[in-house]
Amino acid sequence: MKYVEVSQFGGPEVLKIVDKETPAAADGMLVVEVKAAGVNYADVAARQGSFPAIAKAPFLPGFEVAGVVSEVGKGVKGFNVGDSVAAITSEGGYASHAVIPAAAAILIPRGLDHFIATALLVQGLTAYILLEQAQTKKDAVVLIAAAAGGVGSLAVQLAKARGATVIGLASASKFDLVKRLGADHVFDYRQADWSAKVSEVTRSHGVQVFLDSTGDLASWVFPLLGPFGRWIIYGVRRDQQNALPAEAIWSMIEKNISIGGFNLERHLQDVPRALGDLFKSAIDGNLKVEIIKYPLAGVSKVHALLEQRKTTGKLLLIP
């Protein structure tokens with residue numbers, strides 16, 4: 001089998017392809033021939049050494065896969081060789097074969113391919129449960145950072161399905177994509193006047209929900225949030241972590257604004273229900289999933305592009 005190893009924390013160049021014998025399935029485990037491995041910004045953070053769950057290198061990156069079961073370990077029930085499955089993994093997803101606990105595997109329903117199934121795992125579940133945590137209601141105004149990205153592009157569609165007014169933030173080159181996904185308004189976050197434009201759209205009502213992938217607490221979001229506005233941070237970027245300005249605290253108090261974090265691991269009890277809804281929406285054609293595929297050997301290039309914000313949709317590695 002082939003797999004990717006992070007030999008030491010650092011830039012994309014530390015991602016190395018390694019060959020070894022394909023392992024056997026231990027008790028309670030499945031060996032899966034990987035058809036698609038998802039790439040997430042958490043993978044970039046792990047490679048850089050800033051992801052809390054990965055404390056030391058070397059390690060095997062990749063948190064989600066979909067593929068075909070090639071071996072079933074003792075004691076496993078409900079799975080057979082040849083089944084198509086998807087799984088969120090603790091590591092080792094960037095590989096031609098992955099060994100996963102049978103308890104973590106999810107059968108992929110007919111009508112759904114491995115690529116879409118992978119795209120709906122970490123990023124689909126994040127978008128779906130984020131909007132639930134934010135208690136997003138009909139006619140709410142939802143502001144979505146990185147609206148052309150893997151989580152953002154799905155959140156735009158899911159928020160619209162809830163009846164929300166959606167404002168997307170993206171670079172100008174990605175405006176058409178975000179609008180096709182259903183956003184009511186799209187603004188360029190790199191332009192100094194983006195917050196003023198959002199304010200013109202929301203007027204006195206303000207933004208009810210802000211889904212934030214950067215964690216910059218010094219941004220111009222506080223004046224945009226309406227009464228009882230919810231700012232939920234589900235990702236961070238090392239170059240954009242700024243402290244909360246003192247003057248923002250008064251806005252929080254005056255308008256009952258709340259800031260919260262989001263970690264998918266804390267919502268595992270919601271995964272079967274949420275993923276069932278996501279799979280059904282995709283099969284029924286109600287959810288558009290933009291997928292960009294790269295060969296496993298191109299993993300360093302993919303990480304570089306993701307770091308530079310030059311990607312859209314879901315990035316997959318194909319062994």
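Which residues, taken from the stretch 47-68, are within 16 Å of the chain's Cα centre (by Cα), under 21 Å from residue 1 (Cβ atoms) and either among the aromatic types (Phe, Trp, Tyr) or at pLDDT below 95 (or both)?
The one that is within 16 Å of the chain's Cα centre (by Cα), under 21 Å from residue 1 (Cβ atoms) and either among the aromatic types (Phe, Trp, Tyr) or at pLDDT below 95 (or both): 63.
Here are some residues: 56, 35. Which one is of a type outside the set (A, V, I, L, M) and in contact with a His (Cβ under 9 Å, 6 or more places away or on another chain)?
Result: 35 is the single residue among 56, 35 that is of a type outside the set (A, V, I, L, M) and in contact with a His (Cβ under 9 Å, 6 or more places away or on another chain).
Looking at the stretch 70-88, can you tell me whether even one residue there is modelled with pLDDT under 95, of a type outside the set (A, V, I, L, M) and within 28 Å of residue 298 (Cβ to Cβ)?
No.
Basic (Lys, Arg), over 21 Å from residue 146 (Cα atoms) and out of contact with any Lys or Arg (no Cβ under 6 Å at 6 or more places or on another chain): is that true of residue 280 in this structure?
Yes.
Only residues in the stretch 123-142 that are basic (Lys, Arg) count as the first member; pair them with residues that are open to solvent by 60 Å² or more (accessible area, probe 1.4 Å), Cβ under 9 angstrom, at least 6 apart or cross-chain, and list the lot.
Matching pairs, first to second residue: 137/162; 138/162.
I'd like the residue in the stretch 263-289 that is modelled with pLDDT under 95 and among the polar types (S, T, N, Q) and, out of all such residues, is surrounded by the most Cβ atoms within 10 Å (Cβ to Cβ).
Filtering the stretch 263-289 for residues that are modelled with pLDDT under 95 and among the polar types (S, T, N, Q), the one surrounded by the most Cβ atoms within 10 Å (Cβ to Cβ) comes out as 263.
Look through the stretch 205-224, keep the residues that are of a type outside the set (A, V, I, L, M, F, W, C) and in a strand (DSSP E or B), and return whichever of them is least open to solvent (accessible area, probe 1.4 Å).
212
Pick out the one residue from 118, 89, 22 that is more than 20 Å from the chain's Cα centre (by Cα) and among the hydroxyl-bearing types (Ser, Thr, Tyr).
Within the list 118, 89, 22, the selection yields 22.
When you scan the stretch 238-251, do you find a residue that is at pLDDT 95 or above and within 24 Å of the chain's Cα centre (by Cα), even just one?
The answer is no; no qualifying residue exists.
Output yes when any residue across the stretch 255-262 is of a type outside the set (Val, Ile, Thr), open to solvent by 20 Å² or more (accessible area, probe 1.4 Å) and assigned to a helix (DSSP H, G or I), and no when none is.
yes
Anything in the stretch 45-84 that is surrounded by 22 or more Cβ atoms within 10 Å (Cβ to Cβ) and not charged (D, E, K, R)? List them, or say none.
Within the stretch 45-84, 46, 61, 62, 63, 65, 66, 67, 69 qualify.
Tell me, which strands (runs of 3 or more DSSP E) wholly within the stretch 106-202 include 2 or more residues that are open to solvent by 10 Å² or more (accessible area, probe 1.4 Å) and touching a Lys or Arg at 6+ places or on another chain (Cβ under 7 Å)?
Hits in the stretch 106-202: 185-188.
What number of residues within the stretch 96-105 are open to solvent by less than 40 Å² (accessible area, probe 1.4 Å) and not small (Gly, Ala, Ser)?
Selection size over the stretch 96-105: 1.
Collect the residues in the stretch 290-305 that are modelled with pLDDT of 95 or more and either more than 21 Å from residue 237 (Cβ to Cβ) or open to solvent by 20 Å² or more (accessible area, probe 1.4 Å) (or both), keeping them in residue-number order.
Residues satisfying the conditions are 291, 292, 293, 294, 295, 296, 297, 298, 300, 301, 304, 305.
Quick check on my filter: what residues within the stretch 306-318 are within 14 Å of residue 118 (Cα to Cα) and either at pLDDT 95 or above or open to solvent by 40 Å² or more (accessible area, probe 1.4 Å) (or both)?
If the condition is that a residue be within 14 Å of residue 118 (Cα to Cα) and either at pLDDT 95 or above or open to solvent by 40 Å² or more (accessible area, probe 1.4 Å) (or both), then 314, 315, 316, 317, 318 are the ones that fit.
The values are calculated or read from the model by the stated rules, or taken from the named source; none is laboratory data. These numbers come from a predicted model, not from an experiment. Cβ: placed from backbone, ideal geometry, glycine included. Neighbour counts: every protein chain shown. These area figures cover heavy atoms from the full protein model, side chains too; ligands, DNA and RNA do not enter into them. Shrake-Rupley method; radii C 1.70, N 1.55, O 1.52, S 1.80 Å.
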